[in-house]
Amino acid sequence: MLLGIDIGGTTINLGLVEGKEIVKKLTVPSFRQGADLEETLVHLENAIKQIITPEASGIGVGVPTLVDAEKGIVYDATNIPSWTVVPLKERLEKTFGIPTKVNNDANCFVMGAAAKLGKPAKVIVGVTLGTGTGIGVIIDGKIFNGVNCGAGELCSIPYEGGILENFCSKQFFCSKGLNPKEVGDKGFAGDPEALKLMDEFGTHLGKLLAYVLLAYDPSDIVFGGGVAHSFELFKGATLRTLREMYPYPRFLDKLTISAMPDGDIPVLGAAML
């Protein structure tokens, strides 16, 4: 049995995993705004103590930033100001006495998505559409971290006066004073303004996917995160834009694009680290 942990901006999701299934789950609020490093670590450890059992043989943690995956050190987590340099692996192994692995949250998502796809694929890319945009890459069954765990940071490419992440995440809707879930609900109800917004969002996302294809040439792309619940609303614009931008459109017929917005997926992937 393994414990997977997904640290998000508003919640921390934990799950005990057997095989490819989560057998017990726990969700707690994320770290208090302004909390110092020790307070955040104690908060995380207390959450783990609520769910961990003697049968647990390892811990995997997904964090929203770059990490030294080998040493388990977290660097400069944007939404956790006190996390500038955090030896998380060392700390949790000392507290719980079992092996611990740490990686980027998008990498954890793509690990979980690959397990749920249930088919062999040479290259799988996971794209998380949440507070920000994350990209994780699996090549031949293994996470492709790059040297600094930054191999998937295409969302930081400059774009329209900002970066792609500003237009391919919740930020796109929030910048207009809108709640992305409410826009999605209205879109599914047929509201024309909501559908127009989802079409615009899909156009931006299609441009990001063109870069993803040029960089990694995947067989499968899987969307996760809260905005992915509205996948069917922006799917058409995304594919249309991708066909317009990608210089080798004949190969798009081999590409599979799907959505797995279930919050359990990154927890499963973290456990599988």
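The values are calculated or read from the model by the stated rules, or taken from the named source; none is laboratory data. Computed from a predicted structure; not experimentally measured. Cβ: placed from backbone, ideal geometry, glycine included. Neighbour counts: every protein chain shown. When the accessible area is computed, the model is the full protein with side chains, heavy atoms only, and any ligands, DNA or RNA have been set aside. Shrake-Rupley method; radii C 1.70, N 1.55, O 1.52, S 1.80 Å.
A few comments on the model shown:
- Of the cross-linked pairs LYS181/LYS235; LYS116/LYS235; LYS101/LYS181; LYS116/LYS176, those separated by over 27 Å at the C-alpha level are LYS101/LYS181; LYS116/LYS176.
- For segment 132-236, GluC sites (Glu not before Pro) are listed when DSSP marks them as loop and at most 11 other Cβ atoms sit within 10 Å of their Cβ; the list is GLU160.
- Among the listed pairs LYS24/LYS207; LYS24/LYS119; LYS25/LYS170; LYS49/LYS119, a Cα-Cα separation exceeding 29 Å is found for LYS24/LYS207; LYS49/LYS119.
- Vicinal HN-Hα couplings computed from phi for segment 258-269 (Karplus, 6.51 cos²θ - 1.76 cosθ + 1.60; Hz; Gly/Pro x): 9, 10, 9, x, 4, x, 6, 4, x, 5, 4, x
- Loop-resident sites, segment 26-100, for trypsin sites (Lys or Arg not before Pro), counting at most 13 other Cβ within 10 Å (DSSP): ARG32, LYS71
- Computed over segment 57-176, the P(r) tail beyond 26 angstrom holds 25 percent of alpha carbon pairs.
- Low-density loop cleavage sites - GluC sites (Glu not before Pro) in segment 45-127, where at most 11 other Cβ are within 10 Å (DSSP): GLU55, GLU70
- Sorted largest first, the spans of the alpha carbon positions of segment 174-227 along the three principal axes are 35, 18, 17 Å.
- With the convex hull constructed from alpha-carbon coordinates only, the chain shows a mean projected area of 14.3 nm² over all directions.
- Per residue, the solvent-accessible area of the chain (1.4 Å probe, heavy atoms of protein chains only, all protein chains present) comes to 47 Å².
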